[in-house]
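None of the figures in this text is laboratory data; all of them are computed from the coordinates on show. For clarity, every value in this text was computed on a predicted model and none was experimentally measured. Neighbour counts are summed over all protein chains in view; Cβ atoms, including those assigned to glycine, are modelled from backbone coordinates with ideal geometry.
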Amino acid sequence: MAQKKAKNIAEPLKDLVALCKRRGFIFPGSDIYGGLTATFDYGPYGTELLRNIKNEWWKTFVHQREDVVGLDSSIMLHPDVWKASGHIASFNDPLMDCKQCKSRFRADSYFEERGMGEGLDLAATVELHNKHQTELACPDCGTRGQLTAPRQFNLMFKTRMGATAERDIEVFLRPETAQGIFINFRNVTDSCRVKIPFGIAQIGKSFRNEIIARQFVFRTREFEQMELEYFCQPGTQEQHFSHWLDYCMQWLKDMGLRTENLRIRHHEKEELSHYSDATADIEYQYPFGWGELWGIASRTNFDLNAHQSLSGKNLDYFDAEKNERYLPYVVEPALGVNRLLLAILSDAYVVENPGAEQRTVLKLHPRLAPVKAAIFPLQKKDGLGEIARKLYLELADFFPVDFDQTGSIGKRYYRQDELGTPYCITIDYETRDDETVTVRDRNTTEQQRMPLSAVKHFLLEKIFSRDTGISL
Ligand code: GAP
């Protein structure tokens, strides 16, 4: 059955979404079959960008931290995991259906967007529905009085596992990567030389059957998370919470996000999840407004305690320095890869000189740019193509490079600007004579002449040194 296409994209995102499709970053999911609502496929350049984001995160949150180790747990976990974590009982959204057009949407958002309350739970939405039933209009078709009373829907995707229909069991696709870390806490402490405080980090897919707004990859049903569970001694969680909040914020700035597009929002007491004694969101100013980017939560020992109780396995930790046993507390920075990719693309998207001379550029941090350099032989003939090919092979050993020998140099620059490629190198007739090339800087459009033999070191220095030396 054909599904609604990704036509439902909020207006402020439209130019960025068009660039993503035009330049091979992100395509609507199942495109040739008419699309599948709110699913997206990453094209060649989007795939490189996703990888770079994950690699940079892993480097800063795992490799550069003596106190963090990595993990890769299963997407399907024992069903009891979700009982213990509270996801079966309380991972719900209150939803309403339109009897006329069959649209489904979140009841709390519906009433909140109309100024009828804030932080509404199921009971509050039911009360509002009962009171105003005949006036309530469907946001999709506009029909009044046809909205069903709000009902709770669990957000977890169910599937079945097993070889025969009689003996298979119902399992869930994980809605967060965090629980895979908690249930491996004992395995990690038993097998690795970790001492509290320490963290376990994981990158992987998560699934939630959410109601989707028109916000591109901001909220999808299948997405990737980068989560870190940092285990610490009870009573020290406040200090670690504030450390991780600063650490995460600094990393976002190091990745080139503009300070004015980032802010921290501390959760009010009433807002806190059942497991948390403090939570803050790092919010980003997306083209459609401020929204959550990264959640940093102090999760107490709720999860280890719940898994210990339900599994019957002892999960406490022996602190040799203190000579005491305790169930560690946890601070969790949890970030969506795709949501960060949207923030990075929005931040980098710049239209210079609107009008006839218009230039669209993705001013991506060089470390994140899908392609680090593009090589343009002025002509295929006269030996220029061969020199360019040789340089391509030399550089491709270190990072992704594009090779383009078609169209005018101006058109080739235009394409690479839209891909966010930091440097373009032109091989011309002078190269053949004196072995020099022109290197063009994406941000300034300035060009400099340098020896062919110096290009590799120049690029490595510019792209991978801590201080990139170029203004973003
Ligand atoms: N383990 C805690 C946890 O999962 P969360 O706030 O529900 O907390 C963490 O999710 C992060 O994952 C969010 O801040 C967001 O970046 C990302 N995320 C959550 N749901 C998402 C969705 N449906 N689509 C894309 N990213 C999502």
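Once backbone amide H atoms are built at 1.01 Å from N, V69 has G199, I200, A201 as its partners under 5 Å, excluding neighbours fewer than 5 places away on the same chain. By the equivalent-ellipsoid construction on the alpha carbon gyration tensor, segment 286-420 comes out with semi-axes of 52, 23, 10 Å, ordered largest to smallest. Scattering from segment 371-464 was approximated by placing one identical point on each alpha carbon and applying the Debye formula without solvent; log10 I(q)/I(0) at 0.14, 0.18, 0.23, 0.25 1/Å stands at -0.42, -0.73, -1.27, -1.52. Segment 58-104 and segment 290-346 have Cα centres separated by 12 Å. Shape of segment 1-141 from the C-alpha gyration tensor: oblate (a/c of 1.5 or more and a/b not above b/c, with a ≥ b ≥ c the square roots of its eigenvalues).
Scanning the chain for GluC sites (Glu not before Pro) that sit in a DSSP loop and have at most 13 other Cβ atoms within 10 Å, the longest stretch containing none of them is 167-267.
Relative to one another, the C-alpha centroids of segment 225-288 and segment 358-421 are positioned 38 Å apart.
Taken about its Cα centre, segment 92-154 carries a charge dipole of about 340 debye when Lys and Arg each add +1 at the Cβ and Asp and Glu each add -1 at the Cβ. When the Cα convex hull of the chain is projected onto planes of every orientation, the mean area is 28.2 nm².
The P(r) of segment 178-324 has a tail past 21 Å containing 54 percent of all C-alpha pairs. Taking only the C-alpha atoms of segment 92-154, Rg followed by Dmax gives 10.4, 28 Å.
Straight-line cross-link reach from K411 at under 25 Å between alpha-carbon atoms covers these lysines, not counting any fewer than eight positions away in the same chain: K14, K21, K363, K372, K380, K381, K390, K456, K462. The phi-based Karplus calculation (6.51 cos²θ - 1.76 cosθ + 1.60; θ = phi - 60°) puts the 3J(HN,Hα) values of segment 299-308 at 9, 6, 10, 3, 6, 4, 4, 5, 5, 5 Hz, whole numbers, x for Gly and Pro. Taking a straight line from the alpha carbon of K99, these lysines sit under 28 Å away, with near neighbours fewer than eight places off in the same chain left out: K4, K5, K7, K131, K158.
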